[in-house]
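What follows is one structure encoded as structure tokens, with my remarks underneath.
The values are calculated or read from the model by the stated rules, or taken from the named source; none is laboratory data. This is a predicted model, so every value here is computed, not measured. Positions of Cβ are backbone-derived with ideal geometry, glycine not excepted, and every protein chain shown enters the neighbour counts.
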Ligand code: NAD
């Protein structure tokens, strides 16, 4: 099994491939399976013509990648961002395969993206991009084929437009074609805070492991969007002390802890800019916040924040990856040497896809659960997955990240062997 040298630390596809290789090697995965699971099963680029409000015709580029549909339909978000690349979408699709396998939910991995800046587009323009992207991919999507969800730059409104476009094409309302929808269109209770809740459950498990108390646990969170703000809210409510917060514009560190509900009102009210929060603290860049002292650091923004250049500066005991790929593969060894307990992304942020799965199940059966029921089932899945990863790590003498990949690859490879290769 040849190992590719990492050419570009910041290419997330290379980072994903390096981690896959390390785990596959440790598992002793046979060459054919290795090749099959390393590369995406299918990928497509679509050119999306959209009439802008100005009357100018623009063509946007969109992608959808199916990494694996061995364990079930492809599952994964759609990202609208100016810097989306096919390599990034490939990496994110493969992480979805491994994440669904770690959580042991019956989905494969997929991901999509459109190169655009949603902050510079009107609602009408975003709707037209979304509908045309969906129409171009109409044969790919479907409750049994590929089920998109929101990601950076998309939200429940985007999902409502996809659901409607798909339904108009197939001539009947098909709510289960997407997850992360508004509740009154078949969305699930608890979905909005699911990823943040999964992060909190993972932190709780880590604390139990180290016999630490919530009240004396300082937490830093980078990113104050869906994942970061929900994690902050739930952790604060549970008694953790949130001492560092950041959004794209900057960060604040306050040893005394933040009043998170007030901070949320500030950011999501009229003020918008987190670093101008009056009861602030020391101001710094959004990246710098990760290296301040705390028991738990939660990167919940974007990829490649902790690198081979800065990983040695971490001052935390637990690193809980709310974002996908916040550490580069080249940083892994440094983080490991520092003895930091990593809760890897494919475990830590699996709460979102788990409740997406619950949403899909509820849509298909046409029967909806209470928020309490959703949250209890989510807790079961995350706690169970956490314990399985930690047990796997101890049994095989590897760190949590390698263990999570090994567990996931093993599950997908097993399913593949049982199904056999169709020829
Ligand atoms: P979001 O768009 O709601 O929020 C992103 C936050 O990160 C914002 O506060 C933004 O200001 C900040 N940010 C953006 N660029 C930054 C930078 N360079 N430095 C610091 N902060 C920056 O996105 P989200 O849904 O919260 O997703 C965050 C991460 O979590 C992504 O990696 C996403 O793939 C991952 N994730 C999200 C979910 C989910 O359910 N939303 C599930 C699993 C994983």
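With the requirement that a residue be in contact with a strand residue (DSSP E or B) (Cβ under 8 Å, 6 or more places away or on another chain) and either more than 26 Å from residue 410 (Cα to Cα) or assigned by TED's automatic domain parsing to the domain that holds residue 323 (or both), what does the stretch 97-129 give you?
Within the stretch 97-129, 113, 114, 115, 116, 117, 118, 125, 126, 128, 129 meet the criteria.
Quick check: anything in the stretch 9-16 part of a helix (DSSP H, G or I), touching a helix residue (DSSP H, G or I) at 6+ places or on another chain (Cβ under 6 Å), more than 20 Å from residue 108 (Cβ to Cβ) and modelled with pLDDT under 95?
Within the stretch 9-16 (the criterion being part of a helix (DSSP H, G or I), touching a helix residue (DSSP H, G or I) at 6+ places or on another chain (Cβ under 6 Å), more than 20 Å from residue 108 (Cβ to Cβ) and modelled with pLDDT under 95), the answer is yes, since at least one residue qualifies.
Collect the residues in the stretch 388-403 that are closer than 21 Å to residue 339 by Cβ and out of contact with any strand residue (DSSP E or B) (no Cβ under 7 Å at 6 or more places or on another chain), keeping them in residue-number order.
If the condition is that a residue be closer than 21 Å to residue 339 by Cβ and out of contact with any strand residue (DSSP E or B) (no Cβ under 7 Å at 6 or more places or on another chain), then 389, 390, 391, 392, 393, 394, 395, 396, 397, 398, 402, 403 are the ones that fit.
Going residue by residue through the stretch 196-219, is there one that turns out to be within 11 Å of the ligand (Cβ to nearest atom), surrounded by fewer than 24 Cβ atoms within 10 Å (Cβ to Cβ) and on the phi < 0 side of the Ramachandran plot?
The answer is no; no qualifying residue exists.
Which residues, taken from the stretch 346-373, are more than 14 Å from the ligand (Cβ to nearest atom) and either in a helix (DSSP H, G or I) or under 11 Å from residue 176 (Cβ atoms) (or both)?
360, 361, 362, 363, 364, 365, 366, 371, 372, 373
Mind listing just one residue for me: the one in the stretch 317-342 that is assigned to a strand (DSSP E or B) and within 13 Å of the ligand (Cβ to nearest atom) and, of those, surrounded by the most Cβ atoms within 10 Å (Cβ to Cβ)?
By that ranking, first place goes to 320.
Out of the stretch 280-313, which residues are part of a loop (DSSP other than H, G, I, E, B), more than 15 Å from the ligand (Cβ to nearest atom) and either at pLDDT 95 or above or in contact with a helix residue (DSSP H, G or I) (Cβ under 8 Å, 6 or more places away or on another chain) (or both)?
Selection gives 293, 294, 295, 308, 309.
Of 110, 101, which residue is in contact with a helix residue (DSSP H, G or I) (Cβ under 9 Å, 6 or more places away or on another chain) and assigned to a helix (DSSP H, G or I)?
Criteria check complete, one pass: 101.
Considering only residues of the stretch 220-279 that are touching a helix residue (DSSP H, G or I) at 6+ places or on another chain (Cβ under 7 Å), at pLDDT 95 or above and part of a loop (DSSP other than H, G, I, E, B), which is nearest to the ligand (Cβ to nearest atom)?
224
Among residues belonging to the stretch 113-151 that are in a loop (DSSP other than H, G, I, E, B), at pLDDT 95 or above and under 21 Å from the mean Cα position of the chain (by Cα), point out the one that is surrounded by the fewest Cβ atoms within 10 Å (Cβ to Cβ).
Out of the qualifying residues, it is 117.
So for the stretch 404-419 (the condition being touching a strand residue (DSSP E or B) at 6+ places or on another chain (Cβ under 7 Å) and on the phi < 0 side of the Ramachandran plot), does at least one residue qualify?
Checked the stretch 404-419: at least one residue is touching a strand residue (DSSP E or B) at 6+ places or on another chain (Cβ under 7 Å) and on the phi < 0 side of the Ramachandran plot.
For the subset of the stretch 288-309 comprising residues that are free of Cβ contacts under 8 Å to residues at least 60 places away in the same chain and surrounded by 16 or more Cβ atoms within 10 Å (Cβ to Cβ), which member is nearest to the chain's Cα centre (by Cα)?
Within the stretch 288-309, the first condition is being free of Cβ contacts under 8 Å to residues at least 60 places away in the same chain, and the residues that meet it are 288, 291, 306, 309.
If we keep only those that are surrounded by 16 or more Cβ atoms within 10 Å (Cβ to Cβ) as well, we get 288, 291, 306.
Numbers: 288: 22, 291: 22, 306: 16 Å.
Going through the qualifying residues, I end up with 306.
Under the condition of being touching a helix residue (DSSP H, G or I) at 6+ places or on another chain (Cβ under 8 Å) and not in a strand (DSSP E or B), which residue from the stretch 49-66 is nearest to residue 80 (Cα to Cα)?
Restricting to residues being touching a helix residue (DSSP H, G or I) at 6+ places or on another chain (Cβ under 8 Å) and not in a strand (DSSP E or B), the top hit is 52.
Restricting attention to the stretch 177-195, which residues are at negative phi and touching a strand residue (DSSP E or B) at 6+ places or on another chain (Cβ under 8 Å)?
Across the stretch 177-195, the qualifying residues are 177, 178, 179.
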